[in-house]
Amino acid sequence: MTRFAALAFPLAAQLASCASAPTEQTRGNPALSPREPAAAEVPKPAARAPSPLVRVAAPDKLPANLVIDGNVAEWGSLLPPPPAEKPPSADPNPRDAPSHLAFALTRDGAFVAADLAELSKDGIWLAFGFPPSAPAPSGGVEAHEARFERMFRLDKRGLFQVNEGGALVPVPGSVASMAFTARGMTIEARIPVAAYPRASAAPIPEVLVRAIAASTPTPPKASGDDRIRVAAPEPVAFEPHADLRAAVYRQNLAERRPFGLSYSPAAPDLLETARHPGKDTSSVVTSEHPLYVPERKLGEVEIGFSNAVLPSVAVFKGGEFVDLLDVADIGEEPMGIVERNKQIHVFSYSQTDTLDTAGTQAGWSVLAVGEDGSVSYPFNGETGVGRWEKVYEIHSDKFDWFGMRGVPREYADEETPRPIEILWRFDKPFGGYMPTTRPLTTLPAPRPKPKKKP
């Protein structure tokens with residue numbers, strides 16, 4: 001072996017030992033490639049806190065042959081729960097809420113189907129109602145507005161309503177059933193019409209609903225923006241006289257200053273009007289009116305009064321609603337009804353209460369309804385008198401004649417006003433009522449009006 005070979009072996013061994021010895025940075029760990037950086041460790045997502053939120057949906061229609069048994073399969077999908085990693089959103093009606101509820105308002109009751117989980121698995125607070133009838137602007141009318149919402153608790157014990165004192169009471173006529181599931185429970189319920197709050201539309205197109213876990217012994221207060229609009233499967237109308245009620249609502253909306261109009265679905269034949277007293281918007285004054293008072297029949301035709309908004313005549317034929325007709329100004333009522341010329345004649349008189357610079361307005365009108373339900377106005381109102389200084393109405397008991405006595409401001413180009421009498425009588429060739437006018441020497445005092453029945 002040469003001298004160079006002898007030196008090569010120790011040098012090679014030294015180099016090999018240096019290459020295989022671990023450094024402090026890599027001792028016990030695989031060596032890292034300079035082109036492959038270490039991957040950062042991904043933290044595990046934090047567990048989501050149980051949610052109290054409930055998603056509310058409106059079914060297009062009720063399930064066929066619905067049975068209240070706690071099994072919600074017949075309702076189809078109630079939106080199955082989302083992946084647990086995704087937290088519910090801040091939307092008051094979040095699609096990703098863990099609990100889901102279907103609400104259907106009908107004329108036969110409100111139907112509820114719910115799939116409840118997490119904080120709602122033991123029950124929910126459920127409220128539904130309608131916009132209050134108080135006319136705008138409104139303020140400080142909480143007691144009035146509270147009548148337009150009902151709060152319920154729905155849990156494994158059944159359905160309970162929160163009464164005015166805040167206590168939970170059973171709901172007569174209600175039906176509720178539940179079933180336990182791996183997630184919590186499912187519930188079906190029917191809320192009877194007798195438990196509905198007051199309604200402010202006719203027909204009712206939608207309902208305001210709010211639902212949340214019953215994790216507190218008392219229901220949460222409404223925040224104003226947590227109510228969810230839920231369309232009814234079809235507009236909800238209540239008998240009797242659903243079409244007439246809808247016509248009264250249209251009549252009210254056409255007024256320059258409409259009333260707040262409402263009714264109880266359990267007693268829909270009574271209408272309530274609401275208004276603010278004068279300029280005071282901190283309170284509401286209400287009054288109640290019958291929706292319809294039948295008055296006279298002629299063959300298949302029936303007429304009656306409906307005076308909640310304006311003095312009006314409702315016409316029916318064969319039990320079906322035909323029309324709603326204004327017959328006098330606000331504050332006036334029809335004076336009488338007679339059958340004449342194979343028609344029903346309705347007589348109305350209106351007069352302004354105060355004398356302004358132009359004088360007092362006064363006048364009669366006659367509405368006639370025929371045997372076929374047709375409407376006409378057989379009345380000639382041309383008298384030559386526009387305004388009066390003094391005036392009052394006169395009529396016979398059977399309305400063979402009717403008219404006015406008073407002092408017109410201008411009549412027949414006379415410079416000095418003098419009293420006159422205008423009478424209308426039925427003219428058969430004309431088919432209506434024609435006026436005659438005669439002067440009076442003096443203006444007799446009007447007869448005292450009979451007191452109205454309470």
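Just a few scattered comments:
- Subset of segment 290-322 that is surrounded by fewer than 17 Cβ atoms within 10 Å (Cβ to Cβ) and either under 26 Å from the mean Cα position of the chain (by Cα) or at pLDDT below 85 (or both) - its residue that is nearest to E371 (Cα to Cα): E320
- Test for A179: is it surrounded by fewer than 17 Cβ atoms within 10 Å (Cβ to Cβ), among the small types (G, A, S) and either in a strand (DSSP E or B) or in contact with a Phe, Trp or Tyr (Cβ under 7 Å, 6 or more places away or on another chain) (or both): yes
- Boolean, R250 is free of Cβ contacts under 8 Å to residues at least 24 places away in the same chain, surrounded by fewer than 19 Cβ atoms within 10 Å (Cβ to Cβ), part of a helix (DSSP H, G or I) and not assigned by TED's automatic domain parsing to the domain that holds F130: yes
- Residue match in segment 378-388 (condition: in the same structural domain as I337 (by TED's automatic domain parsing), modelled with pLDDT of 95 or more, acidic (D, E) and closer than 25 Å to V338 by Cα): no
- E188 passes every criterion in (1) among the acidic types (D, E); (2) surrounded by 18 or more Cβ atoms within 10 Å (Cβ to Cβ); (3) assigned to a loop (DSSP other than H, G, I, E, B) apart from (3).
- Filtered residues of segment 397-438 (kept if in a loop (DSSP other than H, G, I, E, B), of a type outside the set (D, E, K, R) and surrounded by 12 or more Cβ atoms within 10 Å (Cβ to Cβ)): F399, Y411, P417, P419, G431
Yes/no matrix, rows are residues, columns are (1) at pLDDT 95 or above; (2) of a type in the set (K, R); (3) in contact with a helix residue (DSSP H, G or I) (Cβ under 7 Å, 6 or more places away or on another chain):
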{"site": "A143", "(1), (2), (3)": "no, no, no"}
{"site": "R147", "(1), (2), (3)": "no, yes, no"}
{"site": "P170", "(1), (2), (3)": "yes, no, no"}
{"site": "R183", "(1), (2), (3)": "no, yes, no"}
{"site": "R190", "(1), (2), (3)": "yes, yes, no"}
{"site": "A199", "(1), (2), (3)": "yes, no, no"}
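- Criterion: modelled with pLDDT of 95 or more, surrounded by 13 or more Cβ atoms within 10 Å (Cβ to Cβ) and under 30 Å from A114 (Cα atoms) - qualifying residue of P268, P219: P268
- Tally, over segment 65-96, of residues that are on the phi < 0 side of the Ramachandran plot, over 27 Å from the mean Cα position of the chain (by Cα) and at pLDDT below 90: 12
- Test result for A104, modelled with pLDDT under 95, surrounded by 23 or more Cβ atoms within 10 Å (Cβ to Cβ) and touching a Leu at 6+ places or on another chain (Cβ under 8 Å): no
- Residues that are among the hydroxyl-bearing types (S, T, Y) and within 21 Å of T352 (Cβ to Cβ) do not occur anywhere in segment 427-435.
- Cβ pairs under 7 Å, 6+ apart, first in segment 277-295 and closer than 26 Å to L244 by Cα, second of a type in the set (K, R) and not in a loop (DSSP other than H, G, I, E, B): V285/R275; L291/R245
- Close pairs from segment 426-439: first without any contact (Cβ under 8 Å) to a residue 60 or more places away in the chain, partner basic (K, R) and part of a strand (DSSP E or B), Cβ under 8 Å, at least 6 apart: M434/R425; T436/R425
- Filter result for D226 (surrounded by 14 or more Cβ atoms within 10 Å (Cβ to Cβ) and either among the charged types (D, E, K, R) or touching an Asp or Glu at 6+ places or on another chain (Cβ under 7 Å) (or both)): yes
- Whenever a residue of segment 167-180 is within 9 Å of I191 (Cα to Cα) and in the same structural domain as W125 (by TED's automatic domain parsing), its partners that are assigned to a strand (DSSP E or B) and small (G, A, S), lying with C-beta atoms within less than 8 angstrom and at least six residues away or across chains, give the pairs S174/G158; S174/A189; V175/A189; A176/G158; A176/A189.
The values are calculated or read from the model by the stated rules, or taken from the named source; none is laboratory data. What you are looking at is a predicted structure, and each value in this text was computed from that prediction instead of being measured. Cβ atoms come from the backbone with ideal geometry, glycine included; neighbour counts cover every protein chain shown.
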